[in-house]
1. Could you figure out which of (1) open to solvent by 90 Å² or more (accessible area, probe 1.4 Å); (2) within 48 Å of the chain's Cα centre (by Cα); (3) at pLDDT 90 or above isn't true of M70?
2. Go through region 40-62 and count every residue that is polar (S, T, N, Q) and open to solvent by less than 90 Å² (accessible area, probe 1.4 Å).
3. Inside region 203-228, can you point out the residues that are in contact with a Leu (Cβ under 8 Å, 6 or more places away or on another chain), of a type outside the set (A, V, I, L, M) and under 19 Å from V249 (Cβ atoms)?
4. Do we find that L18 is in the same structural domain as G3 (by the TED database) and either touching an Asp or Glu at 6+ places or on another chain (Cβ under 9 Å) or loosely packed, with under 10 Cβ neighbours inside 10 Å (or both) in this structure?
5. Using the structure shown, decide if D197 is free of Cβ contacts under 8 Å to residues at least 12 places away in the same chain and in a helix (DSSP H, G or I).
6. Just to be sure, is E46 among the acidic types (D, E) and either more than 30 Å from Y4 (Cα to Cα) or modelled with pLDDT of 95 or more (or both)?
7. Of R88, R35, which residue is assigned to a helix (DSSP H, G or I) and at pLDDT 90 or above?
Amino acid sequence: MEGYIEAGEKMGLEGEVLHKFVQQALERDERVKEREAQRVEAAKREKELELESQKLEAEAKRQETELEKMRVQAAERDKERQEKERERQMEMEKMKWEAEEREKGKERERQMEMEKMKWEAEEREKEKERERQMEMEKMKWEAEEREKERQEKEAERRHQLEMRRYGPERGALEEMESARAKAPKLPAFVDGKDEVDAFLQRFERFASSNGWREEVWASNLSALLTGKALEVYSRLSNEDAQDYDKVKVALLKRYNLTEDGFRNKFRQNKPDKGESPEQFL
């Protein structure tokens with residue numbers, strides 16, 4: 001204030017004018033101080049606002065961080081929940097699969113047991129069928145043996161009749177009878193039933209397989225002949241009757257199995273069902 005008075009006096013102000021000058025200067029100072037105070041206060045408020053803004057921003061960031069943390073935690077919990085749910089689903093699928101596999105295993109066992117029972121039943125039936133077939137074969141074989149025995153007896157009877165009928169040739173027939181007693185057990189030739197060429201072929205194979213000397217073939221064959229075949233043999237000379245080839249030719253000729261006879265027979269015959277051309281020939 002004194003400074004303003006001195007300044008006013010220097011300016012030649014006095015009395016009321018000086019007082020007014022000083023008063024105005026003081027009022028200016030007051031206004032300047034007030035404005036400074038206001039500026040300081042404004043700066044202070046601005047600083048406070050800035051700090052508050054920083055605090056709010058920091059709080060917002062903290063809250064954002066907290067929210068992000070919560071979102072992450074929520075995502076982790078959701079992921080964990082989904083993982084547990086997947087594990088539960090997998091466990092349920094595993095239990096379901098195991099139950100189905102057990103059921104399939106039981107079904108397979110049932111099927112296998114049924115197949116086994118079916119197979120055993122079929123095998124028993126097959127065994128019964130085999131036994132029936134064997135029994136039938138046995139009965140058939142026994143019937144054939146009885147028929148062979150009957151045929152042999154019938155051949156023997158016819159042979160005896162032939163021997164009595166060809167009295168003049170009794171010596172040759174007695175020789176045939178002796179050969180018949182020594183002959184192997186082959187079915188006798190039945191006139192009207194057996195084919196002479198097939199019979200001779202079987203005889204030759206039997207004789208060869210048993211190692212007979214060809215010198216005895218004719219005498220052994222004579223023991224198996226009956227009917228017309230025996231008649232052909234009995235009409236041969238003693239020398240020709242010992243030659244198998246001549247006996248064979250005489251028999252084939254008697255049964256018309258010459259070249260022309262074979263040709264006619266081939267034309268008339270037909271192969272049996274399932275018989276190959278080689279077998280037919």
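The values are calculated or read from the model by the stated rules, or taken from the named source; none is laboratory data. The structure displayed is predicted, hence computed values, not measured ones. Cβ sites come from the backbone with ideal geometry, for glycine too, and all protein chains shown count toward neighbours. We work out accessible area using only protein heavy atoms, side chains counted, and drop any ligands, DNA or RNA first. Shrake-Rupley method; radii C 1.70, N 1.55, O 1.52, S 1.80 Å.
1. Failing condition for M70: (2).
2. Of the residues in that region, 1 qualify.
3. F203, S222
4. So L18 passes the test.
5. No; evaluated as a whole, the condition is false for this residue.
6. So E46 passes the test.
7. Every option except R88 fails the conditions.
Results for (1) in the same structural domain as G192 (by the TED database); (2) open to solvent by 100 Å² or more (accessible area, probe 1.4 Å); (3) more than 33 Å from the chain's Cα centre (by Cα); (4) farther than 30 Å from K228 by Cβ, shown as yes or no for each residue.
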site	(1), (2), (3), (4)
M112	no, yes, no, yes
E120	no, no, no, yes
E125	no, no, no, yes
Q133	no, no, no, yes
E137	no, yes, yes, yes
R146	no, yes, yes, no
R150	no, yes, yes, no
K153	no, yes, yes, no
